[in-house]
Structures are given as C-alpha cells and as structure tokens.
Amino acid sequence: MARMHKKMKAADFVKKFIFISIGAVMMAVALEIFLVPNEIIDGGITGISIVLSALTSLPLGLYIFFINVPFLVIGYKQIGKTFAFSTLYAIGLMSVVTAFLHHVEPFTTEKILAVLFGGLILGAGIGLVLRFGGSLDGSEIVAILLSQRFRMSVGQIIMFINVFIFIIAGFVFGWDSAMYSIFTYYIASRVMDIVVQGLDESKSVTIISNEYQEISDAIISRLGRSTTYIYAKGGYSQEDTQMIYCVVTRLEVSKLKSIVQEIDERAFISIQQVSDVLGGNFEKNSIH
C-alpha cells in the first residue's frame, strides 16, 4: 500500500514561497528593464507574448498570464496540483511586476550589455522557480505532451518551437534583434542549468575490475569516499564479479582514475554526470 502524501512543513513552504517569488521578480526585471526595451526576446510563451505585445501595444504581463493559463490546466492534470499552483503563482506575480516596471527606464540601451545582464538575470530567475517546484513558461508542458504523440524528445520540440519564435522576431524586430535574442536564450539556459543543478557538480563512477576489493579499499582510504558493490555477471566470460559504484566531485575524478589504473590498468571505468545528490552519506571522510 502506497504511503499517504505528507504535507509540506511550514518552514519548507515559506522557503519555497520566498524563492519562487524572487525568481518571478528577477524574470520580470530581466524582461522589462533589460530585454524588451532593447527589442530582445526570450523563447517559449514569453517570446510569443513579447511579439504580440509589440504588435498590439497591450501589456506584456496580460499576454504572459492568459496564454499560459490553458497550459497550466493541462499541467494540473498531467504533472500535479502542487506544480500547477506554484506555476500559477509564479506567472501571476511575474505578470504583475512586469506591469509595474513597464514604464521604468531601462538600465542600458547597449544591446550587448542587455543580452549579457538580461540573460544572466533571466536564467537565474527561471532556475530558482524550477528548483523550487514551479515554472515560468508553459511551453515545456506543451513539449512534454507533444513528445508523447511524436517520436521526439522534449528538448528537440522546445528547440523547434523557439526557432519558429526567433524567426518571427526577425520579421517583427529585425534580424539583428533575433540574433541577439538567440544569444540571450543561450546565456539564460546555461545560467538556469547552474542554478537548478548547482555549481558543485558530482560524477557517478562505475568500475569493473577483478581487483574490486583492493580498488574499493584504496578509494575509501586515499580518496575518502564510500563505495558500493553491485553484483554483475560477465556477458562473454559468464563469470560472477562485483562492480564498484561511487559518487565523487569533478575535482576528484582525475585522482580516482589514477588510483584505479595504478591497481588495475585494464579496469573498465564509466563516468557520468550527476545533476543532484540526495540522501545517504555524501560527506567526504578524513583521509589523514
């Protein structure tokens, strides 16, 4: 029998509320103070909203909110009410703040500076909201649904949507603005990844060797990281063996490889990026 869903603690709820609010405000600032006054757009529904606002002179926040609403309804059914309500709050707050900032003078009219600082603030804002369980754009929900119907990944669908939006921006704002917008989108996506995944990137390492016991002991004593044995059977040799699994920081990868190859230079080592590490004991033990 599945466990009942636990209610979020008050402290966790307040923390989530604060950081989603900060993220939504940061995105509004990036749009109204840096990007929109310089005719630079973002991707997704926000980009469509900027184009429509420029063509009709209606407030940007109005388009952002009402175009996203249908996708929030879909998100409520597909992903869950917590995500939907968090996203509704984030988009609602962002829309209100964009309305307040609409007549504020831009910080800069230099497009390169607008791209750099606008993309940085935009990516950080979106990343904060995503990290705390919400979203600021319904295009990802569209991509998830389309990926279920067509044999395409979510990332590919988002890319095609954004290419279409940037082409439209080229006709509306000019091709220089469209190219600046592409760079802004790239900067924002990189910063968003850093905020969501963190700067302290971890790597998961899988090692296959007949000297698994000695290698495991060396990793524990010389690197200070715990290891886990995973039972395995060779597909060709049909011999039973143990795989070693451990998680290290990116700074420790080089030392780990040298430790393994020092013991068994023919050992198989597979290294993969880990976006987040939760639970267990990831604390580094003393090696002195």
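The values are calculated or read from the model by the stated rules, or taken from the named source; none is laboratory data. As the structure is a computational prediction, the values presented were derived from the model and not from experiment. Cβ placement follows ideal geometry from the backbone for every residue including glycine, while neighbour counts extend to all protein chains displayed. Protein only, heavy atoms only, side chains kept; ligands, DNA and RNA dropped before computing areas. Shrake-Rupley method; radii C 1.70, N 1.55, O 1.52, S 1.80 Å.
Some points to look at:
- Most mobile listed residue (31, 251, 116) in the chain, GNM with C-alpha springs under 10 Å: 251
- For a straight C-alpha distance cut-off of 12 angstrom, the aspartates and glutamates reachable from residue 111 (same-chain residues fewer than eight places away being disregarded) are 39, 176.
- Along the chain, longest interval not containing exposed trypsin sites (Lys or Arg not before Pro), exposed being DSSP loop plus at most 15 other Cβ atoms within 10 Å: 10-150
- Reported value for segment 28-68: 60 Å³ per residue, from the convex hull of its C-alpha atoms.
- Here the contact order of segment 66-186, divided by its residue count and restricted to Cα pairs under 8 Å and six or more residues apart, works out to 28 percent.
- Residues residue 149 and residue 217, FRET efficiency given R0 of 30 Å [Cβ-Cβ distance, rounded to 0.05]: 0.05
- Summarising the label geometry, the points placed 7 Å from Cα in the beta-carbon direction at residue 243 and residue 113 lie 5.3 nm from one another.
- Here the dipole of the chain is about 940 debye; that uses its Cα centre as origin and unit charges on the Cβ of Lys and Arg (positive) and Asp and Glu (negative).
- For the chain, the membrane-span-like helix rule (DSSP H, alpha carbon extent of at least 20 Å along the helix axis, mean Kyte-Doolittle at least -0.5) picks out 10-29, 60-78, 81-101, 111-131, 154-173, 175-197; this says nothing about an actual membrane.
- Rolling a 1.4 Å probe over the protein heavy atoms gives the chain an accessible area of 59 Å² per residue.
- If the segment from residue 11 to residue 81 were pulled out straight at 0.36 nm per residue, it would be longer than the present Cα-Cα gap by 23.2 nm.
- Carbon + sulfur, % of accessible area of the chain - ligands and nucleic acids excluded, 1.4 Å: 62 percent
- Across the chain, C-alpha contacts under 8 Å between residues 6 or more apart give a mean separation that, scaled by the residue count, equals a relative contact order of 20 percent.
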